[in-house]
There are 2 protein chains.
Amino acid sequence: MIENEIFRALADPTRRAIFEKLAAGGMNASALREGIDISQPAMSQHLAVLRGAGLVREERQGRFVNYEVDPEGLALIAQWLAKYRAYWPARIEALKVLLKDMDQ
Amino acid sequence: MIENEIFRALADPTRRAIFEKLAAGGMNASALREGIDISQPAMSQHLAVLRGAGLVREERQGRFVNYEVDPEGLALIAQWLAKYRAYWPARIEALKVLLKDMDQ
DNA sequence: AGAACAGATAAGCATGTACTTATGTGATTC
DNA sequence: GAATCACATAAGTACATGCTTATCTGTTCT
């Protein structure tokens, strides 16, 4: 069940920070470390977890490995969230805006 | 940062099962245990975590405590997710449907 | 081929987490 | 008011997790 791995992956604040950074644009593991106080192996391990959850995907580029957000994982979160739409408060205007964006 | 507590709360499959059960309708802690093989203290602890994350709220009713989904937590997940809308694949039709619902 | 570099993997360790049993607290019933 | 019930809290334990240092793999450059 990958849903489990997604939530487990996002449960760690460091991993959410990495993911957020990647959302601004794909980059390699070394570039990702800049600004985040983290060792090389730790970053590698976090990326492996994010990758296993389908939140991130990698692509070898020479001796670098470029990482980028994988929409797959986000889609699964969206699906999970959609199950509980009956409870979303009407005041979440952000989501309405979002829907309009998607309808274009 | 409650965002952290939300994802940590949902990282546990038992807690997600509890939350899902509550989404079908509010009920007390004993009723929640039915069908889920879990001890009374464990259930109580899980509910405390879900409550701390803003995913669930409680209401004393005599010697029972009724639990129900708290939209607050779901709203925060939606907000988190909305930050990455640029990456949502267009094929998530479910969300479009959902937006139409909200526009009504 | 060998040095240098980007990154992954291995192994060990300290802390966190989910459970257990035991007990405490508040409300109801007899 | 004493027993009972619904639930919370305490304390202990086994396992998971995130880190560390050390080492390995794969690629580039001279």
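The values are calculated or read from the model by the stated rules, or taken from the named source; none is laboratory data. From a predicted model like this one, the values you see are computed outputs, not experimental measurements. Glycine gets a Cβ as well: all are built from the backbone with ideal geometry, and neighbour counts include every protein chain shown.
Name the residues in the stretch B:45-68 that are of a type in the set (A, V, I, L, M, F, W, C) and surrounded by fewer than 17 Cβ atoms within 10 Å (Cβ to Cβ), would you?
B:A48, B:F64, B:V65
Just checking, which of B:I77, B:I6 is away from DNA strand C (no atom under 14 Å from the Cβ) and buried (at least 17 other Cβ atoms within 10 Å of the Cβ)?
Values: B:I6 fails: away from DNA strand C (no atom under 14 Å from the Cβ).
It is B:I77.
Can you name the condition, by its number, that A:R16 falls short on among (1) in a loop (DSSP other than H, G, I, E, B); (2) within 12 Å of chain B (Cβ to nearest Cβ); (3) within 12 Å of DNA strand D (Cβ to nearest atom)?
(1)
Does any residue of the stretch B:56-70 turn out to be within 18 Å of A:L81 (Cβ to Cβ), assigned to a helix (DSSP H, G or I), more than 14 Å from DNA strand D (Cβ to nearest atom) and modelled with pLDDT of 95 or more? Working first, answer last.
Residues of the stretch B:56-70 within 18 Å of A:L81 (Cβ to Cβ): B:56, B:68-70.
Next, from what is left, pick out any that are assigned to a helix (DSSP H, G or I): none.
Checked the stretch B:56-70: no residue is within 18 Å of A:L81 (Cβ to Cβ), assigned to a helix (DSSP H, G or I), more than 14 Å from DNA strand D (Cβ to nearest atom) and modelled with pLDDT of 95 or more.
Could you list all residues from the stretch B:35-54 that are in contact (Cβ under 8 Å) with a residue 40 or more places away in the chain and either part of a helix (DSSP H, G or I) or within 13 Å of DNA strand C (Cβ to nearest atom) (or both)?
If we filter the stretch B:35-54 for residues that are in contact (Cβ under 8 Å) with a residue 40 or more places away in the chain, which is where we start, we get B:49-50, B:52-54.
B:V49, B:L50, B:G52, B:A53, listed by residue number.
Filtering the stretch A:29-49 down to residues that are more than 9 Å from DNA strand D (Cβ to nearest atom) and touching a Leu at 6+ places or on another chain (Cβ under 8 Å), which residue is farthest from B:Y84 (Cα to Cα)?
Out of the qualifying residues, it is A:A29.
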